[in-house]
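The values are calculated or read from the model by the stated rules, or taken from the named source; none is laboratory data. In this text the structure is predicted, and so the values were computed from the model without any measurement. When we count neighbours, we look across all protein chains shown, and the Cβ atoms used for this are built from the backbone with ideal geometry, even at glycine. Surface accessibility is based on the protein's heavy atoms, side chains included, excluding ligands, DNA and RNA. Shrake-Rupley method; radii C 1.70, N 1.55, O 1.52, S 1.80 Å.
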Amino acid sequence: MRVVFYSSCSNYFDPKIVHIKTLPSWKDEWSAVAAAFPQHKFAIATMLPAMFLLDYEGAEISKPDGIDVCLLQAGGAEKIARQILALKPDVAVAASFWITPYDWLGLQDAMVADILRQNGVRVVSHRADTQAVCFDKARTHDFLERNGFNCAKAVYVDYDMFWAERKKPEARENVYREYILRQIERLNFPVIIKDTVGLSSYGMEVVHTMGAVRNYLESKKFNSSRLVEEFLDGPQFGTEVHVTKRGQDGSQAQDATVDVFPPLLYSVNQYGICSPKQSVKLGPLTLPRYKCHELKSELERLARLLDFEGIAQVDLAFHNDKWHIIEINPRLSGSSAAIALIKGKTLPRILTDFALEAVQDQAAGPNLGQEGGSGLWQENPPLYLNIKFPNLTPEQMTALYQLDFVHYLCQTDNDAAKQRREMGFCEILIGGSPVPKELLAQLKEIEEKFPQIIEPAFFDTAKKMISLLLKE
């Protein structure tokens, strides 16, 4: 059987300017998959930055052993699909990633999947209509509200209608604008103003008064449609849902396997928002006070209603003693490496399992990961911590990786950036013990051995998060 793992990118990307390095390398991880399943043939078809699939240095790709590599050419879903079809896949697995400014790469990969299916290829991918609902935050909110999921109260502000009288001189008043402002006044403050199609929390603002909302909507910041929603106080979390379908057509069946992973606690910035570049993540957390059985049930329901297939990430808030869904991302995520550890496998092996199970291949093969994956919702599961460092040298990354409790490092360098936070960072994943004190000891060991490279703010945040567990 021939398996193709694919992903696309809608941006111009210069590998001489932006560099991504991981330990262990994707070359080693994917080479292990090929070695474990010699009866199958594997190929990777992607575009740079090729997250989760390929390593590269400048324009030079590090090709995994036993795996063919095809760098796809852009030009829309039809052109991309034709390039993948030329590889003659029996099954294709979408490994969609994200990139600024628009989180729409999964939508393009889903359109590619539709074309592949039309040509007889079994594809593991979310549907295009699923991706479209989740890409637009306003549509996501409508879906959640309509289906009875807890979410923040919100008002959608259509930019063109809010300023409609500018294009219609005969209009003396803007009735739509008056209506929208009256609806926003009825929300509980503070509120969050967010772009409906932006990536993650980029560009979000927390606003505390109605006057500040008016000022925002009359400023240059308001240049496209927005969602104004109530701020959900309480801890924020994220997790993933993995859905496996079987059979040649990939149709959703009641016996489809839906794996919901226990949530990871996310730190927030001074505005109460989880920032991708600053967040520390800790978990999985299964404390009784968080009513995890309710979360698991709701996310299983979400997966079936949205007809997931593959990996989807969900952002959450535990607000007023209830779980609320903030955002849904049907793609790989910044938590995927941690989720793979929690599952007791490598991420390449998880993606491979999707392919083999989709065509009901019974050759399970070796695990290729740490022992684990069972009893994920037990009361005291092994804990992992995702924490960030300033950009490190290759020697520093290697030295950190040699610590037996460091499982994964990923560093992004942007040589063209001028601001510190835009230059990139290195995130590391540590842990593996169910005892919070052992995580604290591991942090202390890193501080003692590498005092010159740690960023105290991240370490202080991590210690506070672990201390919450110790109190529990």
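Points worth noting:
- Above 32 Å, the calculated P(r) of the chain contains 41 percent of its Cα-Cα pairs.
- Over 23 Å between alpha carbons, listed pairs 345/464; 153/281; 444/464; 168/220; 63/245; 16/449: 345/464; 153/281; 63/245; 16/449
- Nearby aspartates and glutamates by direct alpha-carbon distance to residue 221 (threshold 18 angstrom, same-chain neighbours under 8 apart not counted): 158, 160, 195, 205, 229
- Projecting the Cα atoms of 201, 191, 272 onto the charge dipole of the chain (Cβ charges, centred on the Cα centre) puts 191 farthest toward the positive pole.
- Portion, in percent, of the accessible area of the chain that falls on carbon or sulfur, probe 1.4 Å: 50
- Its Cα centre serving as origin, the range 59-133 has a Cβ charge dipole (Lys and Arg +1, Asp and Glu -1) of approximately 220 debye.
- For the residue pairs 21/343; 27/343; 322/388; 277/471, the alpha carbons lie more than 25 Å apart in 322/388; 277/471.
- According to the Kirkwood relation over distinct C-alpha pairs, the hydrodynamic radius of the range 6-48 is 12.6 Å.
- Per residue, the range 235-333 exposes 35 Å² of solvent-accessible protein surface, assessed with a 1.4 angstrom probe and all protein chains in place.
- With 0.36 nm allotted per residue and the present C-alpha distance subtracted, the residue 172-residue 10 stretch has 54.1 nm of extension available.
- Using θ = phi - 60° in the Karplus curve 6.51 cos²θ - 1.76 cosθ + 1.60, the 3J(HN,Hα) couplings for the range 171-176 round to 7, 7, 9, 9, 5, 4 Hz; x is entered for Gly and Pro.
- Overall, the chain carries a charge dipole of about 620 debye about its Cα centre when +1 sits on the Cβ of Lys and Arg and -1 on the Cβ of Asp and Glu, all other atoms neutral.
- Value at 222 nm in deg cm²/dmol, rounded to 500, when DSSP H runs of n ≥ 4 in the chain each add -39,500 (n - 2.57): -9500 deg cm²/dmol
- Alpha-carbon geometry of the range 172-247: the Rg and the Dmax are 16.5, 60 Å, given in that order.
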